[in-house]
Amino acid sequence: MGQRPELKVVSGGLREAETGGKGGKDSRRDPRALSAWDWVAFALVVAVLALAPLLAGNFATPSSLGLFPPDSTLAWLQTVGAPLVTALTGLALLIIAAREWRRPVAMGAVPGLAGAMALLGGWAALSLLHSRTLALSLDALAALLAALTAGGLAARLARDRRALFGLLLTVILTATLVAGVGVNEYLGKWREGAPQHRAFATFVNPDFVAGYLLLIAPLTLAAFVTATERTLKLVLLIALALQSAALLLTGSRAGVGIELAALAVWLLVALRAGATRGYGRCIGFGLAVFVLSALLASAPTRSRIIGDGGSKSNVGSASLPANALASVSATTAAQSHSADFRRYTWLGAFRMARANALNGTGIGTFDVAYPRYAQTAYTAHAHNSYLQAAGEMGLP
């Protein structure tokens, strides 16, 4: 076996020197290693990544769609979710800023990324000058700045391999919990006779759930493939199955299409980089579990794809209660016009952006500014983040 070394920690390709020197301190400590204060900030960022999708998915409008029912003793957490996440992010930023003021850390970065994030935050702040509802704009601006800040903090803290593992595990396990909430919600509606129900989980909109999960499913697959510890591998496999099922239960057609494209790109990149050597069986098994879970939970998505032909999926509907059958029929009828509704919503959102091309109507004001430009029924969201941002903050 050989003699065990005192300490050799590999972190982001860098090795901390073995402990030594007076008082047990490391006289050659890697300047990029995380300090005690960095680990405090890391704990805060972990809390942000865990709490944001659980408590802040409804933004400023708490509802029964959250993690806790309205009559729960913990329902108040849903109300303070967004402010709590923002406050924790700000505290982590202060700690990192104070620590780096005393001991700056030289790190490489993606060229232009920090500048682009700063410009986005600054331009969003300028849109407040034209805001039609300042309270909504301040709320949305706080959320945007918190997201940009959390991303920047995570990037710096992830220079330590242990911190990177902790951040990845946090987002994967939190997404799995959100997926579990969505699956449980759907099962409740399915028992009530509504098999085409779209899962909201902890978010205010099923499409937001899909957007959140499709970002994390490839990470979960990669973690499952490369994990070596059996218990962790089993946990990640269950996580992948739940995330896949919940994604299909949202009924988001674009979300499902993008997820399939993302997994295909992930596989192509892995093949080109030669990272699949020795992992072929795990990759195939992980993809099989993803596809199987998706098929088992595909009823809401299939009902939206079938559209007018939704009656084909209602085999045995005569056995449903009258109110459940009416709900299924109404859902099918609504989905048949979904594509047209979205197209006209996009046209209206583009009109809104063109009419306010320089600085928009104010970040977060789509809900109140859009009706003036609408070509179809009311909607609170543009169903396209780029168009909504263009309308709220201007084309730049």
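Tabulated values for the structure
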| item | result |
| --- | --- |
| Accessible surface of segment 171-265 [probe 1.4 Å, protein heavy atoms]: carbon and sulfur percent | 73 |
| Segment 175-236, accessible area per residue, ligands and nucleic acids excluded (1.4 Å, Å²) | 44 |
| Largest-first principal axis extents, alpha carbons of segment 158-294, Å | 47, 27, 25 |
| Measure of compaction for segment 257-302 (Cα Rg per 2.2 N^0.38 Å) | 1.32 |
| Sequence of 285, 366 from largest to smallest accessible area, 1.4 Å probe | 285, 366 |
| Sites matching trypsin sites (Lys or Arg not before Pro) across segment 246-291 that sit in DSSP coil, with at most 13 neighbouring C-beta atoms within 10 Å | 277 |
| Accessible-area value, residue 100, 1.4 Å probe, nucleic acids and ligands omitted, Å² | 40 |
| Accessible surface, 1.4 Å probe, highest first, among residues 290, 42 | 42, 290 |
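The values are calculated or read from the model by the stated rules, or taken from the named source; none is laboratory data. Note that this is a predicted model, so its numbers are computed, not measured. Methodologically, a virtual Cβ is constructed for each residue, glycine included, from the backbone with ideal geometry; neighbour enumeration extends over all protein chains shown. Side chains included, ligands, DNA and RNA excluded: accessible areas come from the protein's heavy atoms. Shrake-Rupley method; radii C 1.70, N 1.55, O 1.52, S 1.80 Å.
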